[in-house]
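The values are calculated or read from the model by the stated rules, or taken from the named source; none is laboratory data. Remember, it's a predicted structure, so these values are computed and weren't measured experimentally. For the accessible areas, the whole protein counts, side chains as well, though only heavy atoms, and no ligand, DNA or RNA atoms are used. Shrake-Rupley method; radii C 1.70, N 1.55, O 1.52, S 1.80 Å.
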Amino acid sequence: MEKRVIIMNFEIPSQAYEAFSKVKKLQATQAFKGEQMAVVHHSNDGGHQFQIEDFLDFTGNNKSATGGLIGMLVGILGGPIGILLGWFTGGMIGASRDVKEIRDAQGVFSFLINKIKEDDTGLLLIAEEDDNRALNQLVMNELGGEITRLSYEEVEEDVKKAQEMAKKEGKQTADSTNDEK
């Protein structure tokens, strides 16, 4: 059983909330082993900002929405690096010093931006499944949504790359500010 980051997207935003409720019940039947789940909204302001609308930690550790991989993933998309990643996928990055670095780090972020489009609401789930039919039945057949499974390790690696890039960018910004004084 491999841990996956599961992205569920729907035509109608309310379906993400309905899926959140039904996935919670499905997890209780042990159809899969859930770790965390969040309803996320992609704003339509052009900045590719993502916000967590609802969150559940199945492990009982009472992690907040900012704890764990989902929080880090959405946090990066909500920050300056997320804006760069969003601009890059939209072809607007222009003369950035680190185009190659951004291109290398964008993997899961550009995928998420393209799956949960602007003004849409989707569902992110971290889980292990022995059999994917239960979630497929719920998301695709009952709710008419789309489901994509990504390797947890690959998503985690992309998040680490983006965090390193953010630290580097923060240091460069601080250095240039100090040079101006």
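Overview of results
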{"read-out": "Computed accessible area, TYR152, all protein chains, 1.4 angstrom probe, square angstrom", "value": "30"}
{"read-out": "Order of exposure, largest accessible area first, which applies to MET140, MET37 with probe 1.4 Å", "value": "MET140, MET37"}
{"read-out": "List LYS33, LYS3, LYS160, ordered by accessible area with a 1.4 Å probe, largest first", "value": "LYS33, LYS160, LYS3"}
{"read-out": "Cα centroid of region 1-49 to Cα centroid of region 143-162, whole Å", "value": "12"}
{"read-out": "Rounded accessible area of THR148 (nearest 10 Å², 1.4 Å probe)", "value": "20"}
